[in-house]
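Novice: I'd like to ask some things about the structure below.
The values are calculated or read from the model by the stated rules, or taken from the named source; none is laboratory data. Bear in mind the structure is a predicted one, so any value in this text is a computation, not a measurement. Only protein heavy atoms, including side chains, enter the accessible area calculation; ligands, DNA and RNA are left aside. Shrake-Rupley method; radii C 1.70, N 1.55, O 1.52, S 1.80 Å.
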Amino acid sequence: MGCVGSIDTSGTSMIEEVRENLDRRGLKLASANPGSEVIKKLDKSKCIETIEQDWIFLTIGEAVAACRFMLHASCFMLHMSKPDPTKIDDSDPQHSFLLQR
């Protein structure tokens, strides 16, 4: 399937509504391979700010690569932020409740 060649005001409104729903779920909206007319209309309607320019990609491959990178980066950060239960300092009063169990 090729890129979308046109968008109207109902389309830009729908993009804004989808983005709001995704934001509530902690997700991002990305666009891949938008046509030049679509970009112009998104810019004119200020809807391009809804998508965030960092999440508009020229190719689907670039979009997939960026999403994979962000997924792996967030998983890495989540893993790094979890405390290691084998390395709890028993002299720290905040951790004493873990040792009592």
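Novice: Would you check the accessible area of Lys40, probe 1.4 Å, heavy atoms only, in square angstrom rounded to 10?
Specialist: 120 Å²
Novice: Need one word for the stretch 1-75: rounded, prolate or oblate. Basis is the Cα gyration tensor (sqrt eigenvalues a ≥ b ≥ c); a/c below 1.5 gives rounded, then a/b vs b/c decides.
Specialist: It is oblate, given that a/c is not under 1.5 and a/b is not larger than b/c.
Novice: Shifting gears a bit: Would you mind checking which residues have amide H under 5 Å from Ser31's amide H? H placed 1.01 Å from N; only 5 or more apart, or other chain.
Specialist: Under 5 Å from the amide H of Ser31: Ile56, Phe57.
Novice: For the stretch 24-33, just list the computed ³J(HN,Hα) in residue order, Karplus coefficients 6.51, -1.76 and 1.60, θ = phi - 60°, integers in Hz, with x standing in for Gly and Pro.
Specialist: Coupling constants for the stretch 24-33: 4, 9, x, 10, 10, 9, 10, 10, 10, 6 Hz.
Novice: Oh, and also: Please report the accessible area of Cys47 (heavy atoms, 1.4 Å probe, ligands and nucleic acids excluded) in Å², nearest 10.
Specialist: Here the accessible area works out near 0 Å².
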